[in-house]
1. Looking only at the stretch C:388-411, count every residue that is of a type in the set (Gly, Ala, Ser) and closer than 20 Å to residue C:447 by Cα and tell me the total.
2. Quick check, is residue C:123 over 21 Å from residue C:469 (Cβ atoms), buried (at least 24 other Cβ atoms within 10 Å of the Cβ) and more than 14 Å from chain A (Cβ to nearest Cβ)?
3. So which residues in the stretch A:52-88 are touching a residue at least 24 places away in the same chain (Cβ under 8 Å) and β-branched (Val, Ile, Thr), if there are any at all?
4. Suppose we keep only residues that are within 14 Å of chain C (Cβ to nearest Cβ) and not hydrophobic (A, V, I, L, M, F, W, C) within the stretch A:287-307. Which one would you say is surrounded by the fewest Cβ atoms within 10 Å (Cβ to Cβ)?
5. Quick check on my filter: what residues within the stretch C:443-473 are assigned to a strand (DSSP E or B) and closer than 23 Å to residue C:400 by Cα?
6. Against the definition (among the aliphatic types (A, V, I, L, M), away from chain C (no Cβ under 14 Å) and touching a Phe, Trp or Tyr at 6+ places or on another chain (Cβ under 7 Å)), how does residue B:108 come out, yes or no?
7. Taking the condition touching an Asp or Glu at 6+ places or on another chain (Cβ under 6 Å), surrounded by fewer than 20 Cβ atoms within 10 Å (Cβ to Cβ) and either modelled with pLDDT under 85 or part of a loop (DSSP other than H, G, I, E, B) (or both), does residue B:221 pass?
8. Quick check, is residue C:334 of a type in the set (Gly, Ala, Ser) and more than 14 Å from chain B (Cβ to nearest Cβ)?
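The values are calculated or read from the model by the stated rules, or taken from the named source; none is laboratory data. Note that the structure is predicted; figures quoted are calculated from it, not measured. Cβ coordinates were reconstructed from backbone atoms using ideal geometry, including for glycine residues, and neighbour counts include every protein chain displayed.
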Amino acid sequence: MAAYVLRRLGWTVIALLAVSAITFAIFYALPSADPAALRAGRQANPALIERIRHTLALDQPVYVQYWRYMKQVVAHFDFGFSYQDDAPVRQQILDRLPATISLTLGAVVVWLAIGLPVGIVSAIMRRRLVDRVSMGGALVAISAPVYWLGLLSLYLFSKDIGRLPLFDGAGTYEPISQDAGAWFGSLVMPWVVLAATFAAFYARLLRGNLSEAMGEDYVRTARAKGLPERRVVLNHGVRTAITPIVTVLGLDIGILLGGAILTETVFDVPGVGRLLFDAIQHADLPMIQGTVLFGAFFIVVANLVVDMAYALLDPRVRL
Amino acid sequence: MSTVDVTRESLPHVVAAEPRAPRIGARSTPALVWRRLRADRWAMAGLAAIVLVVAVAIAAPLVVRLAGAAPPDLQSPGALDAFGLPTGPSSRHLLGVDPLGRDVLSRVVYCLRVSLEVAFLATGLAVVVGVLVGVLAGYRRGWVDTLLSRLMDFQLAFPILLLGIGLASACSLGRGCLGGLVQPGLTVVVFVIALASWPYVGRIARGEALSLREQPFVEAARSLGASDMRVVLEDVMPNLAAPVVAYSMLIVPTNILLEAALSYLGVGVQPPQASLGQMISDATATFDTAWWYMLFPGLALLVVVLAFNVVGGALQEALDPRGRR
Amino acid sequence: MAVATAALAGCGGGASQGGHGLEGIPGPVAGQQRGGTLDVVSHDGFQNLDPGASYFQLDYQVVYATHRPLFSFRPDDFRRPVPDLAAGPARVSQDGRTVTVRIHPDLRYSPGTVSRPVRSGDVKYAIERGFGSVVANGYASSYFGDLVGADHARGGPIAGIETPDQRTLVFRLTKPFGPTFADALSLPLTAPVPPEYARRFDRRSPSRYDSDPTVQAFTGPYVIRRYQAGKLLELARNPVWRSSTDFRPAYLDRVVWRIGVDPNIAGRQILSGRRMVNGDTPATAIVARAVRRQRRQINFAPQGNRYIALNTQVAPFDDVNVRRAVVAGMDRRALQLTRGGKVAGDVATHFLAPTAPGFEAAGGYRGPGYDFLAKPQGDLAVARAYLRRAGFPSGRYSGPPILVVGDDSDPADKTAQVVQAGLRRLGFRVRLRLLATDTMYSRFCNVPAAKVQVCPNVGWLPDFPDGYAWLFAPFDSQSIEPENNTNWPQLRNARVDAAIVRAQSITQPAARARAWGQVDRIVTGLAPAVPWFWDRTPNIESRDVQGVIAQWNAAWDLSFSSLRR
């Protein structure tokens, strides 16, 4: 086990290095705004720009710049400064993290609460009306772009502009530490909208896995033993069918913690994704690079955690 | 059950630790598949919708003319109010106009063209690369397989939306990238989307190649002295067609949504070329009053993606040798 | 200063205010209420809050409430700078090469920073640090570059700034630039920075004075108590500030500035909420709603100009007739609609805006009378005639495609697309690239080597109220630079240069204004750009706010605004 963990950790580090190198290469080879000119201001003279270029090491070869960047990231957890407002990138990301965590975890609760029961019921009631309606609905939810669903729900239900003003609208986010009520109210719509497609996906996945499991020998055996159908489904079927879902869940959480960029943008939730979106709008490269690396970190770690959990549950994985 | 799913916030990512190839029997003949599909009313409706959308996209200029709408790039300042805000559906502009006074209906029609073009091109590119790499890995085995499989694993574990955003924004902001090979706009989007989706195809191709390699008819051909190239071309490839086609049908809607998402984020199709995602993004500034500008592009997107998803799902079921489950 | 991101509206000198768009702008009133908290809401964040680097409308709102430059402006009079840190007007020597300023005797820095009075050496250090690469002030070399020894300044001492005693500053110039230099002393670079305190922050790049503005040594009525970049800024009273030393009333106790709010949401909150004003430009839909239903909660302050730069150094726009054809063919009404229509500004007929000195001499609203600018909606017949004169017998342009690089932010992207359509009408094949504002400038429009043919999203705001600040940087051949170029059309014209030299030398205000008007006429006739807009910036407030607009900045003056009872 120890060897496996070590090997897996090694892979994680390599993956992170690769991600960082690739993102750095992308942004180095394909620069947008000239950082030195930005720092210098609109009317600065070329000599000043040249000096700034030197201060920022922009006149050094790419590997030197990468080395300097990574040294700062690893040694000081320092991602540099925003071109836009000179603020430290790390600070901004950490400031935005609570909103992203709130959005992600709330949405996870919502989609599990909807997706799992629907999946189970659909599997049991295969080809009946309940199944057809819920799977049809799930297909629609999967086919709708989340940002459009967000706008639609704001148009219909937000308190400020909605035709049926029920929930707090966009841009109302408050930190939970300041006002728990406002925090909850402001996140209701983002949670539901973000969760909609996930719920649909989980329902479909569970339905598929469960109906497959219900055909397996051990379930038939359980039935033959005369166990009540409820227990057969829950104890035998769901238990097997749920394992891949736990995997997916782990990865999804990892991805969302890196910033639910579309949902955060539509609902103006000040999270990491919104930060990335704004950085893209301003071509603020240190910020884009910092948030992308940060998101990659969560995804790679989520992969690691999921693999470890698998290894713990299923010794055969450790080949 | 779809195995790739990028319709969600996360966009393309590994759905399960291991994307499964659809269970497809080599003996499902096209006729049999078609018969099964015919029996599925929803699949037929979806297919009809796809045919309709493709026809509309191809004949966009004609459709716009027949609908009596203005061409998509024609700006009519007269259709704006005193503040320059767009006006809603009217007899002249059936679905209203955008903030430049351009007809939303004709723009949506032309955008369908862009959506399909990007999705088909990207999917095609992904299939070509995926099949080549997958077959090479599965057929060669050994260190080639290890290397290529690791590469695919890595790409599947990579935050591809983030990479896509990075790549697309970098390529879209300057004069293009990779020495001008990838030009901003459509090419970047196609490239990024293909990059995101080829490993899924690659894995399936690899799996199929691995198992086909062990099949008696392949072994027979090899023992008769057929060259590797010939075996791959004559025995492996034809048997790959069915699963790959079915799988592609599932990637197409995903890629349509991915293109829309990238364009929504401002790193996809660049204005003045319109795209549905970009229209929705543009509409966010005024959607509380100019609802038509937000609603119709989204509806168009929903219908197209839904049609492909319905047909793709049905096709997969129809190809399943165990019949309809 | 470039429009859109940077801003400082100066102007002035015009004969009367009537008809210059200044009516209805709320100024200070008698009996304003003291106390309370004002919420400012904006979408954009601050760029630089270091007074040595700040050069942006949003930043100025905070910097001028927390710092005291040598001179600044009353909100309702942008024509004459008034002494702020200075104890009286600047004295310019007869030869125009020496400027002397005495500073206020007993001003102090905010608690926790430096516990001594402000000295003349602090202003000296403030200007000197602006030349270094850490602070990197954007305009230092333009307006302070004529100081003796400034040409080699890298952040160290500048010989031309002398401090004979702790209250006196003597500026020595290499050229008789004195009158213009004295105007430039109202820029925030002259706000005092105590060297013994700030030096340690200035060692790092960017200076912590900028990345964490709460550490600054403040002299204004307010201090920055809290700052989270991109999210929040909070101003609180500066306990050592004395109202007896300042012309600012500083009614409010506290200002909380929320950043990153969608312009539509912000606008709705302000119009229906309490104690709120906007920090940056409200969304057009909000402006429309306020004008229609809440007229008393919105006002419009004139700002700068906007134009479409045509590159006079490369084909086809090296031909004045092709340029005139483009000016004639452009639908400036449609362009006006992209920024909110008539309420948001007038269709321009030349470059000096209605509030600028020399506006009337340049032709007023009617314009200088050129046929290619006669019709605001464009005139295809005139355009075709000019194209024929340029050697296109069909009246349609038929050369190779042209590169147009615009701004991708809303509504600039709309403007660029209208420009594209206008060019297409004349037969141009257009490659339009839309990029983030900074990218557009720093990689394309500011770089002559990029050979961009058309920059549709440029404009100008003067740094202080004088024709020089309006016309020199955008059109004088001397201001063409390989990087950070501000003469976007790259106009090199001996007549223009000579007229600018002449106007600069005139001291009598009315004659000077006429001379600048003459410069504008010549420039407009050469058609280096399509002037299409004279902005009026909308500002909105909640019902219970007694807002006061700083006309020089076309934004709320936080030191003068108050709440209503």
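1. Number satisfying all stated conditions: 1.
2. On the way: over 21 Å from residue C:469 (Cβ atoms): yes; buried (at least 24 other Cβ atoms within 10 Å of the Cβ): yes; more than 14 Å from chain A (Cβ to nearest Cβ): yes.
Here the answer is yes, as residue C:123 does meet what is asked.
3. Selection gives A:62, A:73.
4. A:290
5. C:454, C:455, C:456, C:457
6. It is true that residue B:108 is among the aliphatic types (A, V, I, L, M), away from chain C (no Cβ under 14 Å) and touching a Phe, Trp or Tyr at 6+ places or on another chain (Cβ under 7 Å).
7. When the stated conditions are applied, residue B:221 passes them.
8. No.
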